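**Student:** My structure is below; once you've seen it, I'll send some questions.
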2 protein chains.
Amino acid sequence: MVVIFVIITYDVDVKRVSKVHKILKKYLIWSQNSVFEGEITEGKLKQCLGEIREIIHPKFDSLYLYQISNPKNLQKVVYGQEKAYESMFL
Amino acid sequence: MVVIFVIITYDVDVKRVSKVHKILKKYLIWSQNSVFEGEITEGKLKQCLGEIREIIHPKFDSLYLYQISNPKNLQKVVYGQEKAYESMFL
């Protein structure tokens, strides 16, 4: 089972923001605004992206997936406030 | 000279969004919404963060820096539209 670290950022039409957010929330941790992150297996990621693809409009929406093969290679530094999940408005 | 790949996401008060955006634009490539990315030397990154720290309010603003030590460990996949820099509204 291969676990990777991913960062997903999205910019989708306001009509679809909530749906995309809900799918990502099932698989990853909300980071900030339209950014999610977390460790995930390749299988779960495939499943997540399958759900996303059913929602987003390829012409108007945009989703970027950053995959880091080894989480040891990633360092996260927070400047200012670390926003808690509870501060999420959705 | 050590070059690293960084992803920077920010969530700052609307009064400071434009200033933060302008600083990041000098050093990195705008990706989407409040997300910047790119390869950068450690020295330039330090300089960039120094400028940012002068602008952001530690109690109300938030900036996340993801550092990937070896860009080879990172893979970026785009779903939907790849937003061009020109589509930026600022």
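**Student:** Among all residue pairs at least 6 apart or on different chains, which show Cβ distances below 6 Å where the first residue, located in segment A:10-39, is more than 8 Å from every other protein chain (Cβ to nearest Cβ) and the second is of a type in the set (Ser, Thr, Tyr) and open to solvent by 20 Å² or more (accessible area, probe 1.4 Å)?
**Tutor:** Once the first residue is more than 8 Å from every other protein chain (Cβ to nearest Cβ) and sits in segment A:10-39, its partners that are of a type in the set (Ser, Thr, Tyr) and open to solvent by 20 Å² or more (accessible area, probe 1.4 Å) give A:Trp30/A:Tyr85.
**Student:** I need the full set of residues from segment B:31-60 which are buried (at least 21 other Cβ atoms within 10 Å of the Cβ) and part of a loop (DSSP other than H, G, I, E, B), in order please.
**Tutor:** Matches in segment B:31-60: B:Ser34, B:Ile56.
**Student:** Just the residues that are hydrophobic (A, V, I, L, M, F, W, C) and surrounded by fewer than 16 Cβ atoms within 10 Å (Cβ to Cβ), please, taken from segment B:18-30.
**Tutor:** Kept after step one, since they are hydrophobic (A, V, I, L, M, F, W, C), are these residues of segment B:18-30: B:20, B:23-24, B:28-30.
Answer for segment B:18-30, where residues must be hydrophobic (A, V, I, L, M, F, W, C) and surrounded by fewer than 16 Cβ atoms within 10 Å (Cβ to Cβ): just B:Ile29.
**Student:** To continue, here is another question. Just one of the numbered conditions (1) among the aliphatic types (A, V, I, L, M); (2) exposed (fewer than 13 other Cβ atoms within 10 Å of the Cβ); (3) at pLDDT 95 or above is not true of A:Ala84; which one?
**Tutor:** So A:Ala84 meets the others, but not (3).
**Student:** Output the residue which, of all residues in segment A:61-71 that are within 19 Å of B:Val35 (Cβ to Cβ) and not aromatic (Phe, Trp, Tyr), is most open to solvent (accessible area, probe 1.4 Å). Reasoning before the result, please.
**Tutor:** Keep residues of segment A:61-71 that are within 19 Å of B:Val35 (Cβ to Cβ), which gives A:61-68.
Narrowing the set further to residues that are not aromatic (Phe, Trp, Tyr) leaves A:61-63, A:65, A:67-68.
Values: A:Asp61: 0, A:Ser62: 0, A:Leu63: 0, A:Leu65: 1, A:Gln67: 37, A:Ile68: 0 Å².
For segment A:61-71, the residue satisfying everything is A:Gln67.
**Student:** Output the residues belonging to segment B:1-30 that are among the aromatic types (Phe, Trp, Tyr) and assigned to a helix (DSSP H, G or I).
**Tutor:** Our first condition is that a residue be among the aromatic types (Phe, Trp, Tyr); within segment B:1-30, this holds for B:5, B:10, B:27, B:30.
Answer for segment B:1-30, where residues must be among the aromatic types (Phe, Trp, Tyr) and assigned to a helix (DSSP H, G or I): just B:Tyr27.
The values are calculated or read from the model by the stated rules, or taken from the named source; none is laboratory data. Owing to the predicted nature of the structure, the values given are computational and were not obtained by experimental measurement. Glycine also receives a Cβ, built like all others from the backbone with ideal geometry; neighbour counts cover every protein chain displayed. Note: accessible area is taken over every heavy atom of the protein model, side chains too, but ligands, DNA and RNA are not part of it. Shrake-Rupley method; radii C 1.70, N 1.55, O 1.52, S 1.80 Å.
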